[in-house]
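First comes the structure, then the notes that go with it.
Read-outs: derived from the displayed coordinates by stated rules, not from any lab. Fair warning: this is a prediction, and the values are worked out from it, not measured in the lab. Here the Cβ positions follow ideal geometry from the backbone for every residue, glycine too, while neighbour counts run over all protein chains shown.
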Amino acid sequence: MASEETLDEKKESGSTRLPRDLRYRQQLFPGSDELVFKVSDKGFVPVPIILRKLFRYLSSPETRVLLYLCLRASRYSICYPSTDEMVHELGLTSKKNLIPHLESLEHKRFISTRTSGSKTYYLIYDPRVAIKHLLQTGQMRREELFEINDLYADLNQSLVTDPRPEQSEETAL
């Protein structure tokens, strides 16, 4: 994340160049320092950037539920809010408006659920799991995987390999 340094702080440290996004923010949104969340204050969680490439495979309610679970998850990608708590915090009217979206996220391989005692636990998968599932089930084309891998390459992360066998030109016709 970009540092919250001011130009004066940079000059004191001997550097005069601010991070690009901070320069843009200061130029385009003067006085915005007090309006933005400061990651140095803690209270934030990482959400995989690659999820933006997968929104087209999720309904709006599924996206809300997945983001909620990501925001609740520990550093070990697990959380266990009650369904009543999720219904309340997501502003839903009942469990029947939540359960189908949880089931769909599990079916699409974005999450897993397990129950132990009276608690339900949610494991949030690395998006690569969902990507491979979407490829295997034919819901994602190789061209879309290329776009995803392009972003992974920009992030210096390992690429996703297509789990399906290569098509020869004869079988593709």
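Applying 1/(1 + (r/R0)^6) with R0 = 35 Å to the Cβ-Cβ distance of D126 and D21, what FRET efficiency is obtained, to the nearest 0.05? Before the final figure, lay out each step's value.
Working: r = 26 Å, r/R0 = 0.74.
Working from the Cβ atoms, E equals 0.85.
Once phi is turned into ³J(HN,Hα) by the Karplus curve 6.51 cos²θ - 1.76 cosθ + 1.60 with θ = phi - 60°, what whole-Hz value does each residue of segment 90-99 show in order, with x for glycine and proline?
Result, rounded to whole Hz: 8, x, 8, 8, 6, 4, 5, 8, 10, 3.
Across segment 106-118, in residue order, what do the Karplus-derived ³J(HN,Hα) couplings come to in whole Hz, using 6.51 cos²θ - 1.76 cosθ + 1.60 with θ = phi - 60° and x for Gly and Pro?
Karplus values, whole Hz, x for Gly and Pro: 5, 4, 7, 6, 8, 9, 10, 10, 9, 10, 9, x, 9.
Given the options S59, S40, S112, which has the most mean-square fluctuation in a GNM of the chain, springs set between C-alpha atoms less than 10 angstrom apart?
Its mean-square fluctuation being the largest, the pick is S40.
Describe numerically, in nm with one decimal, the distance between label points set 7 Å from Cα along Cα→Cβ at E103 and at I78.
With each label point 7 Å from Cα toward Cβ, the separation is 2.5 nm.
GNM on the chain, C-alpha springs below 10 Å: top fluctuator among D150, D41, D126?
Ranking D150, D41, D126 by mean-square fluctuation puts D41 first.
Using only DSSP helix segments of four residues or longer, with each worth -39500 (n - 2.57), what per-residue ellipticity at 222 nm results for the chain after dividing by its residue count and rounding to 500? Show your work: numbers first, answer last.
Working: 8 runs with 72 residues, N = 173.
Using -39500 (n - 2.57) per qualifying helix, the result is -11500 deg cm²/dmol.
Report, to two decimal places, the Cα Rg of the chain normalised by 2.2 N^0.38 Å (N = number of residues).
Rounded to two decimals, the normalised Rg is 1.33.
For segment 56-148, just run the numbers: alpha carbon Rg, then divide by 2.2 N^0.38 Å, N being how many residues it has. It would help to have the intermediate numbers written out before the result.
Numbers: Rg = 13.9 Å, N = 93, 2.2 N^0.38 = 12.3 Å.
It is 1.13.
So what is log10(I(q)/I(0)) for segment 97-173 at q = 0.26 1/Å, when the Debye sum runs over its Cα atoms only?
Log10 I(q)/I(0), no solvent term: -1.20.
Taking only Cα atoms, what is the 0 to 90° angle, nearest 10, from helix 142-154's long axis to the longest principal axis of the chain?
30 degrees
To the nearest 0.05, how large is the calculated FRET efficiency for E143 and I49 if R₀ is 30 Å and r is the Cβ-Cβ distance?
0.90
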